[in-house]
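The values are calculated or read from the model by the stated rules, or taken from the named source; none is laboratory data. From a predicted model like this one, the values you see are computed outputs, not experimental measurements. Here the Cβ positions follow ideal geometry from the backbone for every residue, glycine too, while neighbour counts run over all protein chains shown.
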Amino acid sequence: MTPDASLNGEGHLSIVGDDGLVFVPRTQLLYALNTSATFIWCCLEEGRSAAETIAALQATFGIGAAQAREFLEDALALWRGWGVLAGSAPQQAAADSAPSPALPAQGAPLPADAPARLRLEDRYRLLDGTAVLRFEDDASRARIHPILAHLHREADDAPPAVTIAILRDGADYAVYRDGRRYGGAFPLDRLGPLVKGHVWQACLAATRHLLNIHAGAVADSGGCILLPGQPGSSKSTLSAALGRSGFTFLSDEVALLTQPELRVRPVPLSFCVKSTGWDVLAPLYPELATRDVHNRGDGKVVRYVPPPVEAATLRADYDVTRVVFPRYVPGGATALRPVAPVEGLRRLLSECVSTPEGLSVPMIETLVAWVERVRFWELDQSDLGAAIEAIRATRDAA
């Protein structure tokens, strides 16, 4: 006999179509429920006993008593692990995933002769932040400025979100962030990725947003399309290709969703192309062959290309209408498949890098309302041209 169970009030259920989402504020975790699990949750909220819930499952889904009991027992075992049933042990809270790198706690200060040595200065504007970069020599500036040149501002009275100084250190270079040394000495070909990362992180911190999603973003006449995915999913290559194929390029790797409408702000950073993608994008970006080669801290060899759009032409934000999860399948056929809204939201949030203000029940309800206006797909692809056409097809399908 299946014992009776009750909810402890830790979980908040939102209904999306026939499915459900459970949010646990204390742990900041969000779970997807299928139709039968959503039904069982509602039965528990109504205070039904196990026997009453089993009978209701039989009547609603046309299944036998044994299968209904199995559904209930599986759901209860799962929810006990979530800590949402009376008497279940609480889960550990979700770890903070703030995007900023750990800076040395006691980095050495700028040397006393730095003001005299730092003879070059540039200012860049990204989102709501300004970055000031100061250089000792032309060689270091020539490595970094082309990556950020499209964000350059001759004058900007806003207080900087970050000030970065690049000083010679023997044959290499020292990087100082806001007057404190970051790390050791870096060769010239490491400076570009490192400084770009610091500029991005500081300007992000200066910009209010609800969610930071690891995703490419483009737009067409039908609205904004998010392309979330892990490294290797081809989201950056696909975003860049779409930017030269009639779509408006917004970002190759980050989507900032604003409050309260969950619209996407453009982040027109130069996009990063790993050496494995140079030949693939060369027909669309012939200038790629002339860009400097950089070595990232993770060992990847990359080039940076300015975004294929003038930042001044972009709108302040864009309404999201479609989310496509790309997956690179070498040698595989291009296949576009719809994804259910609850599963789509779960997968989208799995690519969430940070939620600066944390999740809340009202925020989840906003997300649920947003999901009802968005269509989700997954895209298997190995041919870039076919993938672009598949993305075009989502506009009419939406």
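Some values worked out for this structure:
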{"quantity": "Residue that is farthest from Thr321 (Cα to Cα) [pool: residues in the stretch 282-303 that are buried (at least 20 other Cβ atoms within 10 Å of the Cβ) and in contact with an Asp or Glu (Cβ under 8 Å, 6 or more places away or on another chain)]", "calculated": "His294"}
{"quantity": "Residue count, the stretch 372-391 (criterion: touching a Ser or Thr at 6+ places or on another chain (Cβ under 9 Å) and either farther than 20 Å from Ser233 by Cα or assigned by TED's automatic domain parsing to the domain that holds Gly17 (or both))", "calculated": "2"}
{"quantity": "Contacts under 8 angstrom Cβ, first residue in the stretch 145-173 being at positive phi, partner part of a loop (DSSP other than H, G, I, E, B) and aliphatic (A, V, I, L, M), 6 or more apart", "calculated": "none"}
{"quantity": "Near pairs, Cβ below 8 angstrom, 6+ apart or cross-chain, from the stretch 25-42 (within 10 Å of Gly11 (Cα to Cα)) to any residue that is buried (at least 18 other Cβ atoms within 10 Å of the Cβ) and among the acidic types (Asp, Glu)", "calculated": "Pro25/Glu10; Arg26/Glu10"}
{"quantity": "Pairs, first at pLDDT 90 or above in the stretch 213-241, second among the β-branched types (Val, Ile, Thr) and part of a loop (DSSP other than H, G, I, E, B), C-beta under 9 Å, six or more apart", "calculated": "Ile213/Val254; His214/Val254; Ala215/Val254; Gly216/Val254; Ala217/Val254; Ala217/Val267; Leu226/Val374"}
{"quantity": "Top-ranked residue in the stretch 20-35 [being surrounded by 20 or more Cβ atoms within 10 Å (Cβ to Cβ) and of a type outside the set (Phe, Trp, Tyr); ranked as farthest from Leu345 (Cα to Cα)]", "calculated": "Val24"}
{"quantity": "Which listed residue, of Val361, Val339, Val324, Val320, is out of contact with any Leu (no Cβ under 9 Å at 6 or more places or on another chain), buried (at least 18 other Cβ atoms within 10 Å of the Cβ) and farther than 25 Å from Gly197 by Cβ", "calculated": "Val339"}
{"quantity": "Residue identified as closer than 27 Å to Val361 by Cα and either among the hydrophobic types (A, V, I, L, M, F, W, C) or in the same structural domain as Arg373 (by TED's automatic domain parsing) (or both) among Ile54, Ile15", "calculated": "Ile15"}
{"quantity": "Criterion violated by Val309 - all others in (1) at pLDDT below 95; (2) touching a Phe, Trp or Tyr at 6+ places or on another chain (Cβ under 9 Å); (3) crowded, with 20+ Cβ neighbours inside 10 Å satisfied", "calculated": "(3)"}
{"quantity": "When residues of the stretch 233-281 are limited to those that are within 19 Å of Ile147 (Cβ to Cβ) and small (Gly, Ala, Ser), the one surrounded by the fewest Cβ atoms within 10 Å (Cβ to Cβ)", "calculated": "Ser275"}
{"quantity": "Boolean, Asp298 is under 15 Å from the mean Cα position of the chain (by Cα) and either among the hydrophobic types (A, V, I, L, M, F, W, C) or modelled with pLDDT under 95 (or both)", "calculated": "no"}
{"quantity": "Pairs where the first residue, in the stretch 365-379, is of a type in the set (Phe, Trp, Tyr) and the second is surrounded by fewer than 16 Cβ atoms within 10 Å (Cβ to Cβ), C-beta under 6 Å, 6+ apart", "calculated": "Trp377/Pro338"}
{"quantity": "Residue match in the stretch 19-34 (condition: in a helix (DSSP H, G or I) and either of a type outside the set (D, E, K, R) or in contact with a Lys or Arg (Cβ under 6 Å, 6 or more places away or on another chain) (or both))", "calculated": "no"}
{"quantity": "Residue list for the stretch 277-332, filter: farther than 30 Å from Arg373 by Cα, out of contact with any helix residue (DSSP H, G or I) (no Cβ under 9 Å at 6 or more places or on another chain) and either β-branched (Val, Ile, Thr) or in the same structural domain as Leu151 (by TED's automatic domain parsing) (or both)", "calculated": "Thr290"}
{"quantity": "Residue among Pro231, Pro193 that alone is assigned to a loop (DSSP other than H, G, I, E, B) and farther than 28 Å from Pro362 by Cα", "calculated": "Pro231"}
{"quantity": "Any hit, the stretch 260-271, residues being of a type in the set (A, V, I, L, M) and either out of contact with any helix residue (DSSP H, G or I) (no Cβ under 7 Å at 6 or more places or on another chain) or part of a helix (DSSP H, G or I) (or both)", "calculated": "yes"}
{"quantity": "Tabulated pairs, the stretch 69-89, first touching a residue at least 12 places away in the same chain (Cβ under 8 Å), second of a type in the set (Gly, Ala, Ser) and exposed (fewer than 15 other Cβ atoms within 10 Å of the Cβ), C-beta under 8 angstrom, 6+ apart or interchain", "calculated": "Gly83/Ala89; Leu85/Ser6; Ala86/Ser6; Ser88/Gly81"}
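Per-residue answers, yes or no, for (1) farther than 23 Å from Gln201 by Cβ; (2) of a type in the set (A, V, I, L, M, F, W, C); (3) in a loop (DSSP other than H, G, I, E, B):
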site	(1), (2), (3)
Pro111	yes, no, yes
Ala116	yes, yes, no
Asp122	no, no, no
Arg125	no, no, no
Leu133	no, yes, no
Arg141	no, no, no
Ile147	no, yes, no
